[in-house]
Amino acid sequence: MNVADSEVVMSILKDSGFRLATDIDSAGLILLNTCSIRENAEQRIWGRLREISHLKKKNKALVVGLIGCMAERLKEKVLETEHIVDLIAGPDAYRHLPILISEAESGHKAVNILLSREETYADIAPVRMDKNGISSFVSIMRGCNNMCSYCVVPYVRGGERSRDPGSIVREAEELFKSGYREVTLLGQNVDSYNWSEGGKSIDFARLLHEVAAIDPLLRVRFSTSHPKDLSDELLETISLHENICRHIHLPAQSGSSRILKLMNREYTREWYMDRISAIKKIIPDCALSTDMITGFCTETEQDHMESLSLMEWVGFDFAYMFKYSERPGTKAARNLKDDVPDDVKARRLKEIIALQNRLSGISKKQDVGKTLEVLIEGPSRRSPEKLSGRTSQNKVVVFPAENKKAGDYVRVTIKNSTSATLLGKVFAALGVAYYLL
C-alpha cells in the first residue's frame, strides 16, 4: 500500500515540475514514506533519517520530508527531535505537497496531517515505480473501520472510503493496454468495499468481476481480506473467472477465540475455520496465506498451541509472522497489559516460523510433477539464464529462459522444489487462443 501511495505522490510532484532523481546525492527533495503498523517499521525510519543527515549538512537547500502514517502519528516528536525534517504530510495530504514544499523552501516547517472523509486520489494517475512493467497495484479504498485493538491504522489513515469503481476499472484497463499483465487491488479490507451513488451500489464481488472482465489475459489479485467479511458470493465470483488468481490472503492473527476477542477481530476460531472450509469447497485449487501475531496480551501456552494447531489444520502455503509490539494510542495499549515476556514471544515466534517452513515445504512438494501456468516477471535473481514468475496461487517458479520473456504466459512442468520456490522446465507457451477456448 505504501508503494501505491508513493506512485500517487510521484504523479502529484511530476505535475508540479519535479522529476525523479537518479540517486539520492543529487536530490533536492527527499521524502520518506512511512508505516506505523509495527515498531520495527518506525525504527527503520529513524535510522534512515540518521543516514541521510550528512546530505543536509552538505546541501542546506535540501528539503527532507516525512510522509504517510508515521508522519500522522509522530508529528510532534519528529519536529522536536529530527531537525533535518522540513515537512510532514499525512496520508490524506499528498495533494498539498507542492505547497508544503514551497513553504519548507522558504525556511518554515510545513505540516499537514489532516485526515479526510472523502479523499481517495481516484482522479490521479499514479506514476508507476515498479521495475518489471508486468505487475502493478491499484488502490480501491483507503482507511479502515475495523478497530482491532492492536492496530494503529484507523487512527493514522482514517475511516473507510471506497473509490469510484469506474476510475478503478479505467486504471486497470490503461495498465493492461500499457503491457501490464497483472493488477493487485489494494485495501485494508477489500471485502468491505462498497461504493454507492444515485441509488447504484457496487460491492467487492461486483468490482472484482468488472476488473476481471477487462481481458482474460489480465490476472487479478487482491489484498487484504478480513475473515468476518469474506462471503460465499465473493468466492463464487473468483471461481467463475480463470484470471482471478487462486490465492487468498486471510489474516488469522491467532488460533485462540479468547485472544481473538481481546484483539477485537469480530470472529472466532470456528468462524475462521468455516471460511477456510468454504474456500476449499468453492475454489479447491486456492492457495492460502495468513498473518500471525504471537505474544499478544495475556497469551498463554494453550493459546499459542491453538495458533499452531490452526496453522496445521489449514496448511497455509505462506505466512507473515510477528511478535506483538504495542502501538501507542491503540485500544490494547490503553486497556491491556503487554505482559508476555520478550523471550517467550521470541520462542513462540520461532516455533510458528518452524511450523510454517514445514507447511510451505509440503505445499511446494505437492506441486512437483504438475504442469502449471506461470506469468513471467523477469530474470531470476540468481541466474540471468533463468526466468522467474508466479503461478495463479502466487508461488514463485524458476525455470530456464528458452527464449521466453517477461509478460509471457507459459506452462511449466515442476521438477523440484524448496520451501520457497518451485523449479521447473517450460512445457508450452500460451497465447490468447488458450484463454478464449
With the dipole of the stretch 350-431 defined by +1 on each Lys or Arg Cβ and -1 on each Asp or Glu Cβ, the option from ALA401, PRO379, GLY369 whose Cα lies farthest towards the positive pole is GLY369
Go from 0 up to the bin containing the longest alpha carbon distance in the stretch 104-197, width 10 Å each, and give me the % of pairs per bin. 14, 37, 30, 17, 2
Spelling it out for SER139: with amide H atoms placed in the peptide plane at 1.01 Å from N, the residues 5 or more places away or on another chain with amide H under 5 Å from its amide H are LEU186
Residue-ordered couplings for the stretch 335-350, obtained by feeding phi - 60° into the Karplus form 6.51 cos²θ - 1.76 cosθ + 1.60 and rounding to whole Hz (Gly and Pro as x), are 10, 10, 8, 6, 9, 8, x, 4, 5, 5, 4, 4, 5, 5, 4, 4
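For the chain, what does the accessible surface come to per residue with a 1.4 Å probe? Please give it in Å².
Computed with neighbouring chains in place, this is 46 Å² per residue.
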Among SER167, VAL78, LEU114, flag the residue with its Cα farthest along the positive direction of the charge dipole of the stretch 67-185, charges on Cβ as +1 for Lys/Arg and -1 for Asp/Glu. SER167
Could you work out, for the stretch 138-240, what percent of all Cα-Cα pairs fall into each 10 Å distance bin, beginning at 0 Å and stopping at the bin that holds the largest distance? 15, 46, 31, 8, 0
How would you classify the stretch 46-105 from its alpha-carbon gyration tensor, with a ≥ b ≥ c the square roots of the eigenvalues: rounded for a/c under 1.5, else prolate if a/b is greater than b/c, otherwise oblate? oblate
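Considering Cα pairs under 8 angstrom that are at least six residues apart, work out the relative contact order of the chain and quote it in whole percent. Walk me through the intermediate numbers first.
Values: 826 pairs, mean separation 45.3, N = 437.
Relative contact order comes out at 10 percent.
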Are there cysteines in the chain with no other Cys C-beta under 4.7 Å, and if so, which? CYS35, CYS69, CYS144, CYS245, CYS286, CYS297
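Relative to the Cα centre, what is the charge dipole magnitude of the stretch 327-393, using +1 at the beta carbon of each Lys and Arg, -1 at the beta carbon of each Asp and Glu, and rounding to the nearest 20 debye? Intermediate values should be presented prior to the final figure.
Numbers: 16 positive and 9 negative charges, 28 e Å.
Roughly 140 debye for the stretch 327-393.
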Quick calc, the stretch 49-202, dipole around Cα centre from Cβ unit charges on Lys, Arg (+) and Asp, Glu (-), nearest 20 debye, gives 460
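For GLU242 and SER383, compute 0.36 nm times the residue count separating them, minus their Cα-Cα distance, and round to one decimal in nm.
Numbers: separation 141, 0.36 × 141 = 50.76 nm, distance 3.10 nm.
Extending this stretch completely gives an extra 47.7 nm.
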If you take the beta carbon distance between SER419 and GLN43 as r and set R0 to 22 Å, what does 1/(1 + (r/R0)^6) give as a FRET efficiency, to the nearest 0.05? 0.20
Keeping the other protein chains in place, figure out the carbon and sulfur percent of the accessible area of the chain, with a 1.4 Å probe. 52
In terms of the alpha carbon gyration tensor, root eigenvalues a ≥ b ≥ c, rounded if a/c is under 1.5 and otherwise prolate when a/b exceeds b/c or oblate, the stretch 167-218 is prolate
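Which trypsin sites (Lys or Arg not before Pro) in the stretch 1-101 sit in a loop by DSSP (not H, G, I, E or B) and have at most 10 other Cβ atoms within 10 Å of their own Cβ?
Working: sites: LYS14, ARG19, ARG38, ARG44, ARG48, ARG50, LYS56, LYS57, LYS58, LYS60, ARG73, LYS75, LYS77, ARG95; in loops: ARG19, ARG38, LYS60.
Of the trypsin sites (Lys or Arg not before Pro), the ones in loops of the stretch 1-101 whose Cβ has at most 10 other Cβ atoms within 10 Å are ARG19, LYS60.
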Once you have the Cα-Cα distance between ILE362 and SER116, take 0.36 nm times their residue separation minus that, and quote the gain in nm to one decimal. 84.0 nm
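Considering all alpha-carbon pairs of the chain, what whole percent are spaced by more than 33 angstrom?
Values: 38894 of 95266 pairs.
More than 33 Å apart: 41 percent of the Cα pairs in the chain.
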Among the listed pairs LYS345/LYS415; LYS14/LYS131; LYS177/LYS228, those beyond 27 Å (Cα-Cα): LYS345/LYS415; LYS177/LYS228
Under 5 Å between amide hydrogens, which residues at least 5 positions from ARG219 or on another chain qualify, with H placed 1.01 Å from N in the peptide plane? GLU182, VAL183
What does the C-alpha gyration tensor say about the overall shape of the stretch 267-416? Classify as rounded when a/c is under 1.5, otherwise prolate if a/b is larger than b/c, or oblate. prolate
Area accessible to solvent at CYS35, 1.4 Å probe radius, in Å²: 40
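Taking the Cβ-Cβ separation of TRP271 and LYS370 as r and a Förster radius of 41 Å, what is the calculated FRET efficiency to the nearest 0.05? All intermediate terms of the calculation are to be shown ahead of the outcome.
Details: r = 32 Å, r/R0 = 0.78.
With R0 = 41 Å, the Cβ-Cβ based efficiency is 0.80.
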For the stretch 413-424, just list the computed ³J(HN,Hα) in residue order, Karplus coefficients 6.51, -1.76 and 1.60, θ = phi - 60°, integers in Hz, with x standing in for Gly and Pro. 7, 7, 9, 7, 7, 10, 5, 10, 9, 9, 10, x
Report the FRET efficiency, 1/(1 + (r/R0)^6), for ALA401 and THR300, where r is their Cβ-Cβ distance and R0 is 60 Å, rounded to 0.05. 0.70
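The values are calculated or read from the model by the stated rules, or taken from the named source; none is laboratory data. All figures in this text were calculated on a predicted structure; none of them were measured in a lab. FYI the Cβ positions are ideal-geometry reconstructions off the backbone, even for glycines, and counts take in every protein chain you see. Calculation scope for accessible area: heavy atoms of the full protein, side chains included, ligands and nucleic acids excluded. Shrake-Rupley method; radii C 1.70, N 1.55, O 1.52, S 1.80 Å.
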